[in-house]
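K.L.:
This is the structure I have questions about; it appears just below.
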Amino acid sequence: MTERPDLEFTAAQMHAMVDAVAGRCIDHIVNLPPQPILGDVGAEDFCRRMREDAPEQGSPLEPLLDQLFRDYVPRSFTTPGPGYLAYIPGGGVFPAALADFIADATNRYTGIWQAAPALVQLEANALDWLRDWMGFPPTSRGLFTTGGSMATFNAILCARERHLGPDLRPGVLYTSDQAHHSVLKAAKLAGIMPDRVRAIPCDDAYRLPVAGLGDAIARDRAAGLVPFCVVSTAGTTNTGAVDPLAAIADLTASEGLWHHVDGAYGAFFQLCDDTKPILRGLSRADSLTLDPHKGMFLPYGTGALLVRDGAALRAAHEATAGYLPAMPHPEEFYDPSQHGPDLSRGFPGLRVWLTVKMYGAAVFRAAVAEKRALALEAFRRVAALPGIVIDAPPDLSLFAFHVTWPGATLSDEDVATRALMDRTTRRGRIMVSGAAARGRYLGRVCVLNFRTHTAEIDALLEDMGAALADIREESAAGLESQGESREAAR
Ligand SMILES: Cc1ncc(COP(=O)(O)O)c(C=O)c1O
């Protein structure tokens with residue numbers, strides 16, 4: 001007789017395992033502040049030693065959890081920690097982890113409406129909330145994706161289908177040289193090759209210049225090409241710049257082009273009275289990338305797309321098969337697989353739904369406003385440090401700067417600015433990162449982790465101030481010794 005393997009656990013075993021996992025996770029979260037902000041990520045040899053064949057026999061959970069929490073989790077950037085001011089933070093709110101657990105444990109099929117209509121309606125509600133917050137009309141439809149990159153990919157598909165039909169090659173897409181690299185990647189995935197993507201050089205404020213955009217469109221039309229889409233950015237990754245969204249919306253309307261806004265970093269600042277005017281024009285876009293795993297503080301793995309004309313999103317993805325049930329009211333009810341490339345998938349909407357239901361929208365508005373206020377405070381104090389030159393003040397909650405001193409060359413400044421980011425981070429409490437933009441290396445601070453509060457801004461200033469003092473002393477000594485060696489050579 002063949003063996004009858006039993007993959008089920010008893011109720012008692014499941015309770016014990018859930019308690020063990022919950023205990024580890026909660027310990028991890030409550031102990032985030034003292035954890036080093038940058039784990040030991042120089043781990044090549046360690047990773048080589050980790051390679052192993054699939055085990056023939058299973059192991060108990062506890063030793064696996066020991067390994068995970070002792071050896072693997074700490075070898076990473078502490079992205080959920082309050083001192084994480086690098087790249088674009090988010091944090092990872094707890095209700096979303098609960099939602100993932102529920103979604104995985106109940107394992108219902110939410111790819112098609114008929115298989116779980118009430119659960120799919122929760123996802124549709126969550127998308128409608130995003131739509132309302134962003135000021136998009138009721139005709140809009142949306143899609144939860146794994147992140148901003150996939151949202152932008154689906155937006156470019158819609159634009160392509162709407163404007164180019166089957167003949168893709170003449171189509172040209174416009175963006176700025178400060179756009180996230182996912183735009184180029186998304187265009188390529190959608191069949192728009194890099195030689196048909198125009199990265200217009202940004203202006204002095206790192207924004208997409210409307211005049212330059214108009215000129216590029218005119219040049220391409222004159223050359224017989226087919227301009228079809230502009231991707232602007234509501235908060236660039238390098239400097240946090242918000243492109244002139246309203247002026248770009250005017251231009252795309254008059255040129256008959258699709259306007260996609262990449263709001264992966266900045267769109268949730270639309271929730272706050274202070275920052276909404278900065279994003280003027282965002283709600284006129286044809287489509288919008290959102291990243292709830294940034295501005296809504298969800299764990300990684302949740303992006304979202306809104307498309308103003310929901311029919312365009314449906315047209316890009318509609319497909320069926322003889323084995324699938326027919327959708328009874330496609331106009332009224334949302335069907336995820338008819339609005340995106342996935343059929344089988346997880347249940348991303350539950351994370352957003354449960355999180356918003358548990359906190360309420362007011363908490364998000366307050367948290368986003370707090371991040372903005374903290375960024376302004378950090379900006380004022382960093383700008384006052386000796387030898388700091390601000391390159392980009394915060395449009396939203398990110399600002400960029402470099403280090404200088406009398407006699408410093410651009411290359412000296414780049415080295416010193418990079419050292420400032422590295423040394424601040426190596427002090428262990430605050431992680432910051434830099435970026436190359438417009439020919440120089442910029443330091444940057446981005447406040448968007450929900451756990452970041454005033455104490456972390458104080459720590460940033462202490463650690464960056466101390467690192468800067470060391471660098472300035474060393475630079476001055478370096479210049480002095482260069483002067484001495486020049487003297488000696490005479
Ligand atoms: C402005 C911007 N757009 C797009 C992305 C890509 O988003 P994701 O990493 O969620 O795919 C990022 C990521 O940081 C971003 O900052």
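K.L.:
Could you please give the count of residues in region 42-63 that are loosely packed, with under 11 Cβ neighbours inside 10 Å, assigned to a loop (DSSP other than H, G, I, E, B) and hydrophobic (A, V, I, L, M, F, W, C)?
P.N.:
Counting residues in region 42-63 that are loosely packed, with under 11 Cβ neighbours inside 10 Å, assigned to a loop (DSSP other than H, G, I, E, B) and hydrophobic (A, V, I, L, M, F, W, C) gives 1.
K.L.:
Name the one entry in LEU305, LEU282, LEU271 that is surrounded by 18 or more Cβ atoms within 10 Å (Cβ to Cβ), touching a helix residue (DSSP H, G or I) at 6+ places or on another chain (Cβ under 7 Å), under 19 Å from GLU370 (Cα atoms) and touching a residue at least 40 places away in the same chain (Cβ under 8 Å).
P.N.:
Exactly one residue qualifies, and that residue is LEU271.
K.L.:
Among the residues of region 175-185, count how many are near the ligand (Cβ under 9 Å from one of its atoms) and hydrophobic (A, V, I, L, M, F, W, C).
P.N.:
2
K.L.:
Which of (1) within 16 Å of the ligand (Cβ to nearest atom); (2) part of a strand (DSSP E or B); (3) of a type in the set (Val, Ile, Thr) does VAL172 not meet, given it meets every other one?
P.N.:
With respect to (1) within 16 Å of the ligand (Cβ to nearest atom); (2) part of a strand (DSSP E or B); (3) of a type in the set (Val, Ile, Thr), VAL172 is out only on (1).
Listed here are the residues, each with its yes/no results for (1) more than 23 Å from PHE297 (Cβ to Cβ); (2) in the same structural domain as ALA437 (by TED's automatic domain parsing); (3) in contact with a strand residue (DSSP E or B) (Cβ under 9 Å, 6 or more places away or on another chain).
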| residue | (1), (2), (3) |
| --- | --- |
| PHE333 | yes, no, no |
| LEU354 | no, no, no |
| ARG372 | no, yes, no |
| ARG381 | yes, yes, no |
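K.L.:
With the requirement that a residue be part of a loop (DSSP other than H, G, I, E, B) and surrounded by 10 or more Cβ atoms within 10 Å (Cβ to Cβ), what does region 1-22 give you?
P.N.:
Across region 1-22, the qualifying residue is only PHE9.
K.L.:
Any idea which of PRO292, PRO244, PRO277, PRO299 is without any contact (Cβ under 8 Å) to a residue 12 or more places away in the chain and either closer than 17 Å to GLU370 by Cα or not charged (D, E, K, R) (or both)?
P.N.:
Within the list PRO292, PRO244, PRO277, PRO299, the selection yields PRO277.
K.L.:
Counting just the residues of region 423-468 that are touching a residue at least 60 places away in the same chain (Cβ under 8 Å), in a helix (DSSP H, G or I) and among the hydrophobic types (A, V, I, L, M, F, W, C), which one comes out surrounded by the fewest Cβ atoms within 10 Å (Cβ to Cβ)?
P.N.:
ALA455
K.L.:
A follow-up question, please. Restricting to region 134-163, what's the tally of residues that are surrounded by fewer than 20 Cβ atoms within 10 Å (Cβ to Cβ) and either farther than 21 Å from ILE88 by Cβ or more than 16 Å from the ligand (Cβ to nearest atom) (or both)?
P.N.:
Selection size over region 134-163: 7.
K.L.:
While we're here: Being outside any loop (DSSP other than H, G, I, E, B), in the same structural domain as PHE268 (by TED's automatic domain parsing) and at pLDDT 95 or above narrows it down to one of ASP27, ASP104, ASP71, ASP66, so name that one.
P.N.:
ASP104 is the lone residue from the list that is outside any loop (DSSP other than H, G, I, E, B), in the same structural domain as PHE268 (by TED's automatic domain parsing) and at pLDDT 95 or above.
K.L.:
Look at region 245-266 and say how many of its residues are more than 9 Å from the ligand (Cβ to nearest atom) and within 20 Å of the chain's Cα centre (by Cα).
P.N.:
4
K.L.:
Taking region 386-422, which residues are part of a loop (DSSP other than H, G, I, E, B) and either over 22 Å from the mean Cα position of the chain (by Cα) or not small (Gly, Ala, Ser) (or both)?
P.N.:
Answer for region 386-422, where residues must be part of a loop (DSSP other than H, G, I, E, B) and either over 22 Å from the mean Cα position of the chain (by Cα) or not small (Gly, Ala, Ser) (or both): PRO386, GLY387, PRO393, PRO394, ASP395, LEU396, THR404, TRP405, PRO406, GLY407, ALA408, THR409.
K.L.:
Oh, and also: Which members of region 201-227 meet the condition of being under 20 Å from GLY263 (Cα atoms), away from the ligand (no atom under 16 Å from the Cβ) and crowded, with 21+ Cβ neighbours inside 10 Å?
P.N.:
LEU213
K.L.:
Restrict the check to region 403-420 and report whether at least one residue is surrounded by 23 or more Cβ atoms within 10 Å (Cβ to Cβ) and under 30 Å from GLN270 (Cα atoms).
P.N.:
No: zero hits.
K.L.:
Considering ALA361, ALA373, ALA384, ALA400, which residue is in contact with a helix residue (DSSP H, G or I) (Cβ under 8 Å, 6 or more places away or on another chain), modelled with pLDDT of 95 or more and of a type in the set (Gly, Ala, Ser)?
P.N.:
ALA361
K.L.:
Among the residues of region 359-370, is any assigned to a loop (DSSP other than H, G, I, E, B) and out of contact with any strand residue (DSSP E or B) (no Cβ under 9 Å at 6 or more places or on another chain)?
P.N.:
yes
K.L.:
In addition: Conditions first: (1) farther than 22 Å from PHE153 by Cα; (2) within 10 Å of the ligand (Cβ to nearest atom); (3) not charged (D, E, K, R). THR237 passes all but one, so which condition is the exception?
P.N.:
Result: THR237 passes all but (1).
K.L.:
Follow-up question, since we're still on this one. Report, ordered by the first and then the second residue, all pairs with beta carbons closer than 7 Å, sequence separation of six or more or different chains, a first member in region 345-368 that is in contact (Cβ under 8 Å) with a residue 12 or more places away in the chain and surrounded by 24 or more Cβ atoms within 10 Å (Cβ to Cβ), and a second member that is β-branched (Val, Ile, Thr) and not in a helix (DSSP H, G or I).
P.N.:
PHE347/THR110; PRO348/THR302; ARG351/THR302; VAL352/THR302; THR355/VAL93
The values are calculated or read from the model by the stated rules, or taken from the named source; none is laboratory data. All figures in this text were calculated on a predicted structure; none of them were measured in a lab. For neighbour counting, all protein chains shown are included, and Cβ atoms are generated from backbone atoms with ideal geometry for every residue, glycine included.
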